[in-house]
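Only one structure is covered here, and it is reproduced in the block below.
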Amino acid sequence: MDTAFWIPALGLAATSLLVVVGLLNFSVFWRQLKLGRDQMDTAVRQLELARKQPDLYLIQRAIAETTAHVRLMVERPYLRPYFYGGVEWQPGARASEDEVLAMGELMLNTFASALLHSAAFPEYPVRGIDRTIMFHLRRSPALRRLLFETFDRFPFSGLSLLCLKHDGRPGVEQDLQELIGVPGLDETEAQRRRELLALFRSSQPRDPIEYTALTMQRRR
């Protein structure tokens, strides 16, 4: 074979080799590009998870706060009627009065904490929590009694609790008037309750929980 044959053949082989090398380089580049894209997607997911972490924490806290009493109810099922069934404690019952009141204090404190968190953090999952609080306040004479007797312990959430206790404004106003007229009340607390009544009369938040936020703003 002469040179006229080998030169084109070698040129074709060299071109084919360049094409193969180019394809291999492209394949490596494509894999690197896909790997980089996967890493970027992973970074975005991690960033999104980190962004949602505070919200997830608040959801977990909301569930924990509003169900803290359930474990105790499982251990002491005889307490359930006083908080689920509208039963009022009577002397001679299996449950002692101290047990019922202690459970009531735990529930009111956790409900108040949930209301404060909902007022401070817009991300707090308040929907569902308000229904839980409403359910228990409307079915438990023990909770309603404790709310009246310890109303001074809920300076920010007390008005919201009263609103969740009732299905209309007249009942809330009547409760506030009775709370103002409690015998032996010191003037500072009486004035605070009068201010709550004035706030209630002058504003109509869409949700009872908004009263907690309003009260916190007024006290700053």
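Starting from 0.36 nm per residue, how many nanometres of slack lie between R138 and T188 once their C-alpha separation is accounted for?
On the way: separation 50, 0.36 × 50 = 18.00 nm, distance 2.91 nm.
Using 0.36 nm per residue and subtracting the Cα-Cα distance, I get 15.1 nm.
Pull out the extension gain between Q90 and R71, defined as 0.36 nm times the separation in residues minus the alpha carbon to alpha carbon distance; nm, one decimal. If you can, show how the numbers build up before the last one.
Working: separation 19, 0.36 × 19 = 6.84 nm, distance 2.38 nm.
Once the chain is fully extended between Q90 and R71, it gains 4.5 nm.
What does the charge dipole of the stretch 100-176 about its Cα centre add up to, to the nearest 20 debye, if the Cβ of each Lys and Arg holds +1 and the Cβ of each Asp and Glu holds -1?
Numbers: 9 positive and 8 negative charges, 51 e Å.
Roughly 240 debye for the stretch 100-176.
Taking 0.36 nm per residue of sequence separation and subtracting the Cα-Cα distance, how much length would be gained by fully extending the chain between S113 and S203, in nm to one decimal?
Working: separation 90, 0.36 × 90 = 32.40 nm, distance 2.31 nm.
Taking S113 through S203 to full extension adds about 30.1 nm, to one decimal.
Amide H to amide H under 5 Å from R76: which residues, 5+ apart in sequence or cross-chain, H placed 1.01 Å off N in plane?
none
Work from the charge dipole of the stretch 85-220 (Cβ charges, +1 for Lys and Arg, -1 for Asp and Glu, about the Cα centre) and give the residue of Q191, N109, I133 farthest towards its positive end.
Highest projection toward the positive end goes to I133.
Read the figures in this text as sums done on the coordinates, not as results from a lab. Note that the structure is a prediction, hence the values are computed from the model and not measured. Here the Cβ is made from the backbone with ideal geometry for all residues, glycine too, and neighbour counts use every protein chain on show.
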